[in-house]
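The structure under discussion appears below in the form of structure tokens.
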Amino acid sequence: MTDTLQLRHWINGERAGADLSAESLNPSDTRDVVARMPVGGAAEVDQAVSAAKAAFDGWAEASPEVRSDVLDRAGSLVMERRELIGRLLSREEGKTLAEGIGETARAARVLKYFAGEALRLHGQNLASIRPGVEVQTYRQPIGVFGLITPWNFPIAIPAWKIAPAIAFGNTVVIKPASLTPATAEALIAILHEAGLPDGVVNMVIGDGDVGRAIVAHDDVAGISFTGSQKVGAGVAEGAMKRQARVQLEMGGKNPLIVLDDADLDRAVQIALDGSFFSTGQRCTASSRLIVQDGIHDRFVAALVERLKGLKVGDALDPSTNIGPAVSEDQREVSYCYMAVASDEGGRIVAGGDRLQLDRPGWYVRPTLITETAPAMRINNEEVFGPVASTIRVASYEEALDVANGVEFGLSAGIVTASLNYARDFQRRAKAGMTMVNLPTAGVDYHVPFGGSKKSSYGAREQGFGAADFYTQIKTSYSAG
Ligand code: UN1
């Protein structure tokens, strides 16, 4: 586990870039250098976009069967190698080995799903208002897509952006997160091994300069971004300036409501999973636990008990339940919010202290903060770490008000035995996804994904939603 990979960009089917001046480190043990890599900029983005543009016509006109076969083969290869790639993912990102292998399998399923969707792109026949005229709609590929992907799902998110883009005949330039390029590169290499023509998928490794160059490039017809709300706002502005289509998946401050009638063990398990697994580094994580008075104290006591039993440790150690934060900065954000929350009057009832293990890594103990109020910063700003707060409420109506009272609206959950409350919540929760008796995080790969308010912008990702973003409808009229 100490070999250091040598990464390169992928431009026009070739590995490119000789100066490996950047490193990706293992967050579980920062003495371990996972990969060395080049740092790209506007010049590499320009080369990658030119390659993608040159490949577009051939790929767009290829039989859908050709596109389907590449995705299907790539899906099989990723699935076969899920242990190896999952291990690389955990070593580079810090989620546990089970989570790393699980995410890799999910990426394989995404590729397989879009292998099928490549053959299912359909349009409509409509009656014209003019006799003798026929109207048809069909979906066409658009051109080069720029994909900007985050570190927290370093293979699944690249897969769920690349797969629909190329399934429907587009070409791609992807910028993987600078903290996790090795995992993304494994996917790009497999796509080429599976027979992808040169230039259809290009990858430029680097930092914000690469993202900015993609957003500003005139030949990039659309941009799909997953990351923070702040960066996303800049991406949208840049895209808008030149009328590129844009899709943003950003933060969350996802509520989980626990009503008095909930099954206690179930509620605790759901909160534990949604708030703390994957080190809380999911935009769908439940960071606000909104708990009704009658169950509140029992719920907190049982959750604290479960938190004590979780082992924080090296992601590759099979006994670890919670891996490290991805980076020092990310760890410090968690510690910073613990301080902010306790200064505002919150009570830390689990975790909260600095954790040092026997190796240098970015470890954070899962932390629960009680007695918090909806207006506090801890209940409005995304932490992106294993930190959750509880808010005590008197009734379902109050819980719903609190749940809806933030600027984000990605995923929202409720734990209840009441069909009435569950149905009402599904209707009235201001979120793109609602979860009844399920964690707010952990979604299916074959259905649309996305939020409302400041969480998302543009067409939905994944499932049947993906065709809306990666194709354009043409309406054709004809008279006999
Ligand atoms: C999940 O909860 O299964 O970046 C997926 C994220 C989301 C994906 C979450 N875009 O965390």
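The values are calculated or read from the model by the stated rules, or taken from the named source; none is laboratory data. All values reported here derive from a predicted model rather than from experimental measurement. In this analysis, Cβ positions are derived from the backbone assuming ideal geometry, glycine residues included, and neighbour counts consider all displayed protein chains. For the accessible areas, the whole protein counts, side chains as well, though only heavy atoms, and no ligand, DNA or RNA atoms are used. Shrake-Rupley method; radii C 1.70, N 1.55, O 1.52, S 1.80 Å.
Couple of notes before you dig in:
- Summed over the residues of the chain and divided among them, the accessible surface reaches 39 Å² per residue at a probe radius of 1.4 Å.
- Over the chain, dividing the summed -39,500 (n - 2.57) contributions of all DSSP H runs of at least 4 residues by the number of residues returns a 222 nm mean residue ellipticity of -12500 deg cm²/dmol.
- Taking 0.36 nm per residue of sequence separation and removing the Cα-Cα distance, the V436/V135 pair yields an extension gain of 104.1 nm.
- Entries in K253/K430; K241/K453; K53/K474; K95/K230; K161/K230; K95/K175 that, when Cα-Cα distance is taken, lie over 19 Å: K241/K453; K53/K474; K95/K230; K161/K230; K95/K175
- If you take all other residues with their beta carbon under 13 Å from the beta carbon of L5, and give Lys and Arg +1 and Asp and Glu -1, the sum is 0.
- The slack between E193 and D46, meaning 0.36 nm per residue of separation minus the straight C-alpha distance, is 50.5 nm.
- q = 0.16, 0.18, 0.20 Å⁻¹, the range 254-436: log10 I(q)/I(0) [Debye, one scatterer per Cα]: -0.91, -1.14, -1.38
- Ordering of 17-30, 214-227 by packing [mean C-beta count within 10 Å, highest first]: 214-227, 17-30
- Between the range 322-344 and the range 374-427, the alpha-carbon center distance in angstrom: 21 Å
- The listed peptides 243-250, 73-80, 145-152, ordered by packing as a protection proxy, come out as 145-152, 243-250, 73-80 (highest mean of other Cβ atoms within 10 Å first).
- Computed log10 I(q)/I(0) for the chain at 0.08, 0.11, 0.13 Å⁻¹: -0.48, -0.89, -1.18, from the Debye equation with unit scatterers placed on every C-alpha and solvent omitted.
- S478/L119 FRET efficiency (R0 22 Å; Cβ-Cβ; nearest 0.05): 0.30
- Annotation: average projected area of the range 198-284 is 8.5 square nanometres, based on the convex hull of Cα atoms across all directions.
- Protein heavy-atom surface of the chain, 1.4 angstrom probe: 49% of the accessible area is carbon and sulfur, with nucleic acids and ligands not counted.
- Each of L357 and R36 was given a label point 7 Å from its Cα along the Cα-to-Cβ line. The distance between the two points is 2.7 nm.
- Distant-in-sequence amide H partners of D207 (H built 1.01 Å from N, under 5 Å): G40
- Candidates per trypsin sites (Lys or Arg not before Pro) in the range 253-353, loop by DSSP, up to 11 other Cβ within 10 Å: K311
- Extension gain for D207-S418 works out to 71.2 nm (0.36 nm per residue, less the C-alpha to C-alpha distance).
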